Every structure is written in structure tokens, then in C-alpha cells.
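Let me begin by presenting the structure, written as C-alpha cells, before commenting on it.
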Amino acid sequence: TPVSDCNPGPAFLHGLSELIIDNAGWLYGVANGGGEYRGVVFRLPSLTVATPTSFYTLPPCRLRDTRAENGPLGGPALQAGVRTFELSGTCDVPTDAKSLAVNVTVADPSHDGHLRLFASDDTATPVASTISFAAGKVRANNALLQLSRDGTASVNVQADLPEGGSVQLIVDVVGFFR
């Protein structure tokens, strides 16, 4: 039985249903486990950005390509573990950028795996991958990357590959937020 809009009055939930979240952010719970609504109501906090940002477009530009000569903008190929890339100062990405709109491409993966790109000053590695891939396949994915807040506009790239595996990473930027 659906719960009517703005009225958390008696409702009966069936099966394994134990929570209802409406589009206004109200959370209704089953308190007695028997399927009958018993008044457990929570108001979820608003999900807003602490400081609003604006989006600025850029002409597509290659930020990183590990297929290129070894160095800060290029190789070597990624291997299992974390590698940090500073992204400001290239392709007109300003040092005060908060996040980037990018296209992430992988090429020549030796094994199946995935990459997780995240701000270099984050203390926790995200659970979700930015891009997953199969051995020998080229794959691309659009992403919004939050940059480090320490002024370096850096991201970590966590390569989840078997030991001895490698993958080439190409990152093209199309815009930034600040």
C-alpha cells in the first residue's frame, strides 16, 4: 500500500520493505518488523554543496597520456597501486579549480581491472571505480573529478590490477568547476 504524499499516517509494508524515502527527504521506518508503520520518522539532511561552483568549458585537451615519454605528463604505464598526478598548469586548468570534467580512457590493459580517480588529499579510497576494463580492450568513460584542496589540483589514480599487470591511462579535460 503506497504512503500518501505528505501524510505518514498508518501504512502497511509488505515483504522485506522496511524503509520508505519520499522525494522531500523524509524517511519512514518499520519499528515493529511486522509490516505496520509505527511512527519512526527521520528528516534527512539536505544534500547541497557547501560552496556553489560555476562550470567553465575548455577546448578538449590531453592532460595525461602514459603512452607518451616518461615524465610528469606521461609514462610509465600504471601498475597496481596508487600514482598521483598534478593537473593544474596544463590545458589551462587553473590552480583554484575544484573539480574537472574529463574523459578517462584506458588502453593496452594486460589484465582485467579498474581505476579509481580521486582527490589526492582524500583519506579514503572510494569504493566505486571511475572506469573498468577487460584485458586487451580500449575503454573510455566521462567523469567529474574532485581535485585536492591543498592547491596542487592533484588526483590519485588507484589501479586495481593483479601484481605485474599494467594499463595505459589517457585523461582529456573539457571543463572545470571553481
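What to note about this one:
- Any hit, segment 86-93, residues being farther than 15 Å from Leu63 by Cα, open to solvent by 30 Å² or more (accessible area, probe 1.4 Å) and either charged (D, E, K, R) or out of contact with any Phe, Trp or Tyr (no Cβ under 9 Å at 6 or more places or on another chain) (or both): no
- Checking the stated criteria, Gly113 turns out not to satisfy the condition of being over 20 Å from Gln146 (Cβ atoms) and open to solvent by less than 10 Å² (accessible area, probe 1.4 Å).
- Out of Ala159, Ala153, Ala140, Ala135, sole residue that is farther than 21 Å from Lys98 by Cβ, surrounded by 20 or more Cβ atoms within 10 Å (Cβ to Cβ) and not charged (D, E, K, R): Ala159
- Selection status of Val167, at pLDDT 90 or above and either touching a strand residue (DSSP E or B) at 6+ places or on another chain (Cβ under 8 Å) or buried (at least 18 other Cβ atoms within 10 Å of the Cβ) (or both): yes
The values are calculated or read from the model by the stated rules, or taken from the named source; none is laboratory data. These figures come from a predicted structure and were not determined experimentally. With ideal geometry, Cβ positions are generated from the backbone for all residues, glycine too; neighbour counts draw on all protein chains shown. Surface areas here come from the heavy atoms of the whole protein model, side chains and all, with no ligands, DNA or RNA. Shrake-Rupley method; radii C 1.70, N 1.55, O 1.52, S 1.80 Å.
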